[in-house]
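Read the structure below first, then the notes.
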Amino acid sequence: MVSCQRAETSLTAYLPELEHLGANSSGLNAVSGAAHTMLAILLVRQSVLCLLSDIQCLKESDEDATSAFSLEQLGRPRELLDLLKLAYHSSGHSSVGGGSAGSIAFSRLWGMIEGLMRGGRDAALLPGPFKALPLLLRDDALGHLRREKNGIATLQSPHPLEGTRMQSKHRLFVDGASSLLLKLDRRSELNGTAHILFSTDEDGTELVGRWPSPGVPWKDVRVEGDTVWCHLKGEVQGGSRPRRPLWGFRVRACVAGWRSPEGETQVLETPLAFAWQLLELLSEHRPLELLTQHTYIRLVQYLHARCAPHLTSAASVLLRLLKLPAKTLCDLEGPDPRLSWPMQHITALALHVNQFFEAHPGRAMRVPLQIQLYAELVARAVSRGPEAGLKLPPSDWMQSMSELNSACRFMLRDEGADTISDLPNVWLRQLEASGLELMLLNEPWSLAKYTTLLRFATQKIGGPKGELIDLSPKSLPAPTEDDGPVMAQCDQATVQVRFALLQLFNRVLLPCFGVAWTGEPQLGHTLGAELCSLRQIIFTEVKNSVWGITMDATIPFRRPAAIAANPPPTVTLNRRRALKERADRHAKTKHSVFVQLHNQLRAVERKELMRRERAFKVKFAGEAADDYGGPYREVFTVLASELENEAVLPLLQLSPNGKHNLGSNRDRFILNPGASSAESLQYFELVGMMFAFALMQKETVLTLSLCSVVWKQLVQEPLDTQDLAGFDESVMNSLEQIEHIDREGVDEDLFSDLIFEVFTTQLSHGVEVPICEGGADIDVTWSNRKHYCELVRKARLGESRQQAQAVLKGINSLLPSNLLPLFTHREIELMVCGAPDIDLSILRQHTRYGVTVDPDDSHIRIFWQVLSEFTAQQRTLFLSFIWSRTRLPATEEDWDDQCMKIHTLECTSPDLHLPVSHTCFFSMEWPRYSSVEIAKEKLLYAIVNCVDIDADNTAEGRSNMAMGRDDEL
């Protein structure tokens, strides 16, 4: 009834005559009856779709002897497709999988279509009409490609047009168009008897328009098909010279975008509008259905239409078909149909790739996904040899991408399937010339083993910053038992040839990184996704080089003069107000430093915040701080503290392991799945922006303790059961017990007496949710227990996906989004948060002393003795006291030329003075304390109690100090 009422409120949109009928009109009843009939048909149609989408119910009804239903009554496959089209049209053209009230039936049927595409045991038992439906959907989807073609054909006269007789005909043709739109330039004008007739046939008998038409202004004309004929008739008036010249005419035939069908007859004749989703489903789950010459020609024709809207999707589908392994074609009769596909259509795409590089010489590391897929298609075609018909000289990127494709195939295949014949011949020749044993590459190696080898090589022969790419593989020593059980099983010759292979892989990858790296792991069939899977074996120096080049091109360093001319935006923060005790958590959130910062930065354009120094300048109200870096870094320390305080901000919450005091990561946090309001998602975007600032600025860190499930979502690494155990070990243990309960001697009869679960799960914020439709009414049984465990894992690992996407949105607003998957989740955590432990040996290595200070002075030795006696937490407080950050830089490169500077605080009674820090400059004045005990007491007092930045005696500092501490900003 609700659906009926909603539809009835919009009846006037479909029946305009209702607006002209009075309340007592005799025709009102007739119109109302017709409307209710229309609604009844709509609801019956959706009900039938709901029934069709429940395959299990159909089977049970067919097998029920008391039921009058039979599967034979479903009719022919074409009738099912017609019903699908009518349902899609009736649902208001909802998006695939949409959940609105009008599209529930269609959404359920789309789920059935997905099941058909994926195949499996249930699909094999389907009745004939359902089994034939995918082929009909394929043909319908290919028909949709014609509607998306773009192009323009133009006919125009000379400008100006002088007196002449017009007696000719011209053809306007756009290849592949399903309909054309005739447009006339608004400057067009004719005089005399001159006119143009438009027809769909060459003889001019099927007229569709005339211009000029006396007394009728021109309106664009839509013509079905790919051709329209223009017949020029009459004579342009000449004679005496007019005041102004006659401009003439210009007619354009543009490809008309597809329009919604107006009647049910057009609905049945029009292809479905979600063709790309269908083609992607087919290419992933039923690729053999697309291995036809017709499909190939349609796709390559579409790819050569420069302005078509879904070129990336077309390239992706075609690439998936070309990369199908030969072993998947065993069900085909006859030879591989791809052998007959003319590759010159694909190699011609090399022109588009080369034109992009010529037009964008400075974007070597930032290539659009469409161009990257074109390049991979070309490389794939060129690998077929001379038959590819390449008309352009081969480019370096073609060879490099072909080699990387082979290398990825070699290193990612299942263990036991490695053969050196898959490696590029040029690589094998180089390895052999280096005196390495090639036959050792036939031994199966996993990706985890390559990762262990890379760590081993870095430890043994890596340069100061981990450089490996130019080292001799022969310098790698033989592993010993001290190097771990994995390496201990390998001899020296094996690790040397495998390491040389990694060097070749990284050498080839670096120069063609921009065209090969897509940063799209979800496109698993592409080279870019394969490279994402191999991120663990990409050398650190390659990652740093790519990151540096991209940062320099996107966010270059600014000289002091440029910064002075365009200073960063200024934010004013009141820490006193944020720390004020309030009973209401909403009030605490409202006055927090985080929300103060959010309210001010949301009005700032993102490009103003894209800076490698400071994104914004900080003024602390009521504190004499002049921001030369210290207050800016202090903001990030405060933000981290607020984010990990659930009483202030509801964005993060302690992991269930921490709440239950069980398992690992008890002190780590996860994204709160309950923080899903529009306001909370905006706050998560700010968190992402803070991450971006930490990534682009070497001196900035955001010291959050987050579980691996958060970082992996940001870099798009696959999640597994270890990630679930990393934040909720009790659930992981329970699922393991249910899934493998047979190991405990429990059988099917005993299962129902022990397990009383239903298909729901409790998320980290305590809310119970169904894990499938109607899950609260489905019991967990012996037969479905594994499916239940799989759905619970999926739900728990993805519970904060919406929040993670908001964080990613904030990062991507400032940084190139495709670079994050270059790093592992551990690497990105180090880049954002810095090293978790303060290593005194590293800090000492990066310490410089004042002119009058000797490292062997007694008070300096006392200083280091005090730090060595500090706990990890106290060292963190010390670093915050002297530098306004809580972690050291993660790598030597991040240190750059930064160092801690220690000066002597000269005074008459040093034991009575506290040390003085200058956070902007990472320096400290240290008194000549007489003992370790006194020095430790003074330093502890300073790092715990001296949290204000109050000693900047500058005009800016005095101005900030004068601000009212409790004034509203």
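Please tell me the relative contact order of region 840-945 in percent, rounded to the nearest whole number, where contacts are Cα pairs under 8 Å and at least six residues apart. 33 percent. Cross-link partners of LYS233 among lysines, defined as those whose alpha carbon lies under 24 angstrom from its own and excluding same-chain residues fewer than eight positions apart: LYS169, LYS183, LYS219.
Calculated accessible area for region 650-834 comes out at 42 Å² per residue, all protein chains present (probe 1.4 Å; ligands, DNA, RNA ignored).
Shown for region 840-945 is the translational diffusion coefficient from the Stokes-Einstein equation, using the Kirkwood radius over Cα pairs, a temperature of 4 °C and a viscosity of 1.567 mPa s: 93 µm²/s.
Shown is the FRET efficiency for VAL932 and HIS660, computed with R0 = 45 Å from the Cβ-Cβ distance and rounded to the nearest 0.05: 0.65.
Here the simple spin-label model places points 7 Å from the Cα toward Cβ, and for HIS586 and ARG848 these points are separated by 5.3 nm. Using a Förster radius of 35 Å, what is the FRET efficiency between THR200 and GLU114 based on their Cβ-Cβ separation? Nearest 0.05, please. It comes out at approximately 0.30.
Cβ-Cβ distance of GLN722 and SER446, R₀ of 22 Å, FRET efficiency by 1/(1 + (r/R0)^6): the value works out to about 0.85. In terms of distances greater than 27 angstrom between alpha carbons, the cross-link table entries LYS449/LYS698; LYS619/LYS698; LYS617/LYS659 yield LYS449/LYS698; LYS617/LYS659. Counting charges near GLN653 (Lys, Arg +1; Asp, Glu -1) among other residues having Cβ under 9 Å from its Cβ returns a value of 0.
Projecting label points 7 angstrom from Cα along Cα→Cβ for GLU679 and THR781 puts them 4.7 nm apart. Highest mean packing comes first when the peptides 902-911, 822-831, 219-228 are listed by Cβ atoms within 10 Å, giving 822-831, 219-228, 902-911.
Remark: spin-label model distance ARG826-THR419 equals 3.5 nm, labels positioned 7 Å along the Cα→Cβ axis.
Count Lys and Arg as plus one, Asp and Glu as minus one, and take only other residues whose Cβ is under 14 Å from that of LYS809; the net charge is then +2.
Between GLU432 and LEU339, 0.36 nm times their residue separation minus their Cα-Cα distance comes to what?
30.2 nm
On region 649-703, 45 percent of the accessible area sits on carbon and sulfur atoms, based on a 1.4 Å probe. Amide H contacts under 5 Å for LEU652: ASN672, restricted to partners 5 or more places along the chain or on a different chain, H placed in the peptide plane at 1.01 Å from N. Packing order of peptides 396-407, 185-196, highest average first: 396-407, 185-196 (average count of other Cβ atoms within 10 Å over each peptide's residues).
Here the Karplus curve 6.51 cos²θ - 1.76 cosθ + 1.60, taken at θ = phi - 60°, turns the phi angles of region 333-346 into couplings of 8, x, x, 4, x, 5, 5, 9, 6, x, 6, 5, 5, 7 Hz, with x standing for Gly and Pro.
Taking every alpha-carbon pair under 8 Å whose residues sit at least 6 apart, region 157-259 reaches a relative contact order of 49 percent. Remark: relative contact order (region 650-834) = 34 percent; criterion is Cα-Cα distance under 8 angstrom and separation of 6 or more residues.
Per the 1.4 Å probe, what fraction of the accessible area of region 840-945, in percent, lies on carbon and sulfur atoms?
51 percent
The values are calculated or read from the model by the stated rules, or taken from the named source; none is laboratory data. Just so it is clear, the model here is predicted, and its values are computed rather than measured. Ideal geometry is used to build each Cβ from the backbone, glycine not excepted, and the neighbour counts take in all protein chains shown. Side chains are part of the model used for accessible areas, which takes the heavy atoms of the whole protein and leaves out ligands, DNA and RNA. Shrake-Rupley method; radii C 1.70, N 1.55, O 1.52, S 1.80 Å.
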